[in-house]
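> A single structure is presented below for examination.
The values are calculated or read from the model by the stated rules, or taken from the named source; none is laboratory data. Source: prediction; values computed, not measured. Glycine gets a Cβ as well: all are built from the backbone with ideal geometry, and neighbour counts include every protein chain shown.
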């Protein structure tokens, strides 16, 4: 398949069977925020807010450019925000205001 | 992937903001995240290794494990904190099993903890299904040509754990000593032969 037909027949996560380079077997310990993000995913699942399939679909919906450029947990947290907007549980404005508050708090504690 | 403080900054801020907003709205409890981190920290390949060692030493347990992986693990006190089912696949002289998640990173977390980075990246996910022998060779695992490789693709609801073959010539070990031989990579299937402790590779 050429690149264009792959683009329209495969969602970005659907990589099984595609050509790919050599393995990189290096591993890293999760950063604290990454572990909190993982825990958040589990909590959103058992609180029946976002299940695993919705999370995967939310990552797909980021599109291939974001999927290619963002790291694993970076994709997750952006997908969670988008899904929460779609479900009407958060608004973009609320998130923007809170993110600014969090940043200011971080700056003042440095 | 290259990481720096500035890059992580915005995503960490977003994580904190989302968590706080969900808590303020009463959608999650303030203690939920801390409690789930404790659950995640309590899970490691040692749990899967204990399951494997028990299966090696208790044929009735092994049969129950192969029939219903989740129920057999729960019998050993391993709780499943999600809705996933567990299928345990047995390696034999004729068959080697390999686990992948082509769509993302589904993994038997309740019994193995979090997956390694390579399990979540494209080369492993893409290639496992069409050139498993070459892929395994990159792990230093050579599967003889007369051994069939079966690749199982995980889903949100169904996860897989490999039951490796018990190494020969270690009949005098206790179940705990046997468990110490069982590695994470063998339970994913990227390693086939377990090495008795003390042996030099």
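> Looking for whichever is facing chain A (nearest Cβ under 7 Å) and either in a helix (DSSP H, G or I) or within 15 Å of the chain's Cα centre (by Cα) (or both) here; the options are B:124, B:107, B:119. Which one fits? Break it down into steps so the answer makes sense when it comes.
Working: B:107 fails: facing chain A (nearest Cβ under 7 Å); B:119 fails: facing chain A (nearest Cβ under 7 Å).
Going through B:124, B:107, B:119 in turn, just one is facing chain A (nearest Cβ under 7 Å) and either in a helix (DSSP H, G or I) or within 15 Å of the chain's Cα centre (by Cα) (or both): B:124.
> Separate question: Can you find a residue that is at pLDDT 95 or above, surrounded by fewer than 18 Cβ atoms within 10 Å (Cβ to Cβ) and closer than 30 Å to residue A:10 by Cα anywhere in segment B:138-147?
Yes.
> Kindly indicate the residue of segment A:1-29 that is at the interface with chain B (Cβ under 7 Å from one of its Cβ atoms) and within 16 Å of the chain's Cα centre (by Cα) and also farthest from residue A:76 (Cα to Cα) among those meeting that condition.
Once the filter is applied, the top-ranked residue is A:14.
> Of everything in segment B:116-131 that's closer than 22 Å to residue B:182 by Cβ and touching a residue at least 24 places away in the same chain (Cβ under 8 Å), which residue is surrounded by the fewest Cβ atoms within 10 Å (Cβ to Cβ)?
Restricting to residues being closer than 22 Å to residue B:182 by Cβ and touching a residue at least 24 places away in the same chain (Cβ under 8 Å), the top hit is B:116.
> I've got another one for you. Find the helices (runs of 4 or more DSSP H) located wholly in segment B:1-79 whose residues include 2 or more that are modelled with pLDDT under 95 and more than 10 Å from chain A (Cβ to nearest Cβ), and list them.
Because the criterion is at least 2 residues that are modelled with pLDDT under 95 and more than 10 Å from chain A (Cβ to nearest Cβ), the helices (runs of 4 or more DSSP H) in segment B:1-79 that meet it are B:5-24.
> Considering each of A:62, A:40 in turn, give the residue that is within 10 Å of chain B (Cβ to nearest Cβ) and either at pLDDT below 95 or surrounded by 14 or more Cβ atoms within 10 Å (Cβ to Cβ) (or both). Give the derivation first.
Numbers: A:62 fails: within 10 Å of chain B (Cβ to nearest Cβ).
Being within 10 Å of chain B (Cβ to nearest Cβ) and either at pLDDT below 95 or surrounded by 14 or more Cβ atoms within 10 Å (Cβ to Cβ) (or both) holds for just one of A:62, A:40, which is A:40.
> Let me ask another. When residues of segment A:45-58 are filtered for being more than 7 Å from every other protein chain (Cβ to nearest Cβ) and touching a helix residue (DSSP H, G or I) at 6+ places or on another chain (Cβ under 7 Å), how many remain?
Looking only at that region, the number is 5.
> Could you check chain A for helices (runs of 4 or more DSSP H) lying wholly inside it with 1 or more residues that are more than 22 Å from residue B:36 (Cα to Cα)?
Working: elements: A:3-9, A:32-46, A:52-60, A:63-69, A:72-86, A:92-109.
Helices (runs of 4 or more DSSP H) meeting the threshold: A:3-9, A:52-60, A:63-69, A:72-86, A:92-109.
> With buried (at least 21 other Cβ atoms within 10 Å of the Cβ), in contact with a helix residue (DSSP H, G or I) (Cβ under 9 Å, 6 or more places away or on another chain) and not assigned by TED's automatic domain parsing to the domain that holds residue B:175 as the only criterion, which of B:22, B:98 stands out?
Details: B:98 fails: not assigned by TED's automatic domain parsing to the domain that holds residue B:175.
Within the list B:22, B:98, the selection yields B:22.
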